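The values are calculated or read from the model by the stated rules, or taken from the named source; none is laboratory data. Every value quoted in this text rests on a predicted model; they were computed, and no experiment measured them. Neighbour counts are summed over all protein chains in view; Cβ atoms, including those assigned to glycine, are modelled from backbone coordinates with ideal geometry.
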Amino acid sequence: MTMPRYRPEFLEMLARELFSAAGMDEEKAVCVANVLVTADKMGARTHGIALCPKYIDEIEKGLMATRGLPEVTRDHGATLVWDGNYLPGPWLVDRAIASGSERVAEFGVVTTVIRRSHHIACLSALIKRATERGLVAILASSDPAFGFIAPFGGKEGLLTPNPIAVGYPGEVPVWIDVSTSITTVGMARQKAAADTLFEHPWMMDGYGSPTNDPRVLDATPAGTLLPLGGREYGHKGFGLALMIEMLTQGLAGFGRQDVEKRWGANVFLQLLDPDAFAGREAFARQMGFLTASCHANAPIDPLQPVRMPGEGAQARMKSAEETGLELSPAMVEALRAKALRAGVRLPDPI
């Protein structure tokens, strides 16, 4: 089935108008719309404009704040703690990147921890904003309100996929964006809705048996996502998940012990200036050599040479600008319903 394609800039305009109609102030609406469509262009479809109707639902329920500023609860110059008051997550992280970028020349490293943010969408689309400023970025997120992954050896959901992204600048910037689980909640929900199984047993049912059925998340007893490494080596993913819980919840002083049961995020953002270490020229020389060495590595399949993390996303972004973005019929209808209610015009497909 051929799916309609839309110009990315028109989808971004649509999202911005929908957020504005829902009560989000202009600065936040512009930022969130841009981050979502950037995610779609990168190929992160579950974290792109598909989130727009869900975010609007959250606004209408009073669960996503649309105006105001984060509360600065600690500020030691190079380290900060913000209370996000469930403001839009992409905007909060973007603001933290902008704020940290102003300080990093003085401190070399600036770390901002945000508690009680709303969902932050696609991490790659956010670290891109830091690498464009010539900075190294480490961004991690957890949601202390929910549990979809069991600790290694257990079978009850406790942790979230806890993604972490690392980006660094270069002639071709590198963007690494991974979860500490094999797959994500969004992908599991998407496959469950389509009545489609995973190709591999990336889930665990409520009795502790591996399965490729995403519907176990909603079964009784509830199943879980398997951590990176699966049943055999899941201690690795479990350890990484604990690290991110420490960075996002321990350092924020707010987590699973006292969390509100609502969709949100705790965030860890660290910006590093190469000039504060061995120098930007030395950084570029070392990382450029490593990239060239990876590219030159003999490929398993000559038709699929080694590529660096982020290169696929960059190619997809270029293609999306030229040929547009596909939207599924279900996604078009979800956006159309929100547009009709808001009195906003849905753009025409290409």
(request) Inspect all residues belonging to region 197-213 and state whether any of them is among the polar types (S, T, N, Q), surrounded by 15 or more Cβ atoms within 10 Å (Cβ to Cβ) and farther than 25 Å from Ile120 by Cα. (result) yes
(request) Would you confirm whether any residue within region 157-177 is in contact with a helix residue (DSSP H, G or I) (Cβ under 7 Å, 6 or more places away or on another chain), free of Cβ contacts under 8 Å to residues at least 60 places away in the same chain, farther than 20 Å from Pro70 by Cβ and among the small types (Gly, Ala, Ser)? (result) yes
(message) From the list Gly170, Gly186, exactly one residue is touching a Ser or Thr at 6+ places or on another chain (Cβ under 7 Å), surrounded by fewer than 21 Cβ atoms within 10 Å (Cβ to Cβ) and part of a helix (DSSP H, G or I). Which is it?
(response) Gly186
(request) Please tell me if Met24 is closer than 25 Å to Gly84 by Cα, outside the structural domain of Pro163 (by TED's automatic domain parsing) and either at pLDDT below 95 or of a type outside the set (Lys, Arg) (or both). (result) yes
(message) Please go through (1) among the small types (Gly, Ala, Ser); (2) under 19 Å from the mean Cα position of the chain (by Cα); (3) outside any helix (DSSP H, G or I) for Ala125 and return the number of the only condition it doesn't satisfy.
(response) (3)
(message) For the condition touching a helix residue (DSSP H, G or I) at 6+ places or on another chain (Cβ under 8 Å), of a type in the set (Gly, Ala, Ser), closer than 25 Å to Cys122 by Cα and surrounded by fewer than 14 Cβ atoms within 10 Å (Cβ to Cβ), what is the one hit in Ala337, Ala320, Ala315?
(response) Ala337
(request) Kindly state which helices (runs of 4 or more DSSP H) lie completely within region 233-350 and contain at least 3 residues that are among the small types (Gly, Ala, Ser) and either closer than 29 Å to Tyr55 by Cβ or in contact (Cβ under 8 Å) with a residue 24 or more places away in the chain (or both). (result) 311-323, 329-342
(request) For residues that are out of contact with any helix residue (DSSP H, G or I) (no Cβ under 7 Å at 6 or more places or on another chain) and of a type in the set (Val, Ile, Thr), scanning just region 231-280, find the one that is surrounded by the most Cβ atoms within 10 Å (Cβ to Cβ). (result) Thr248
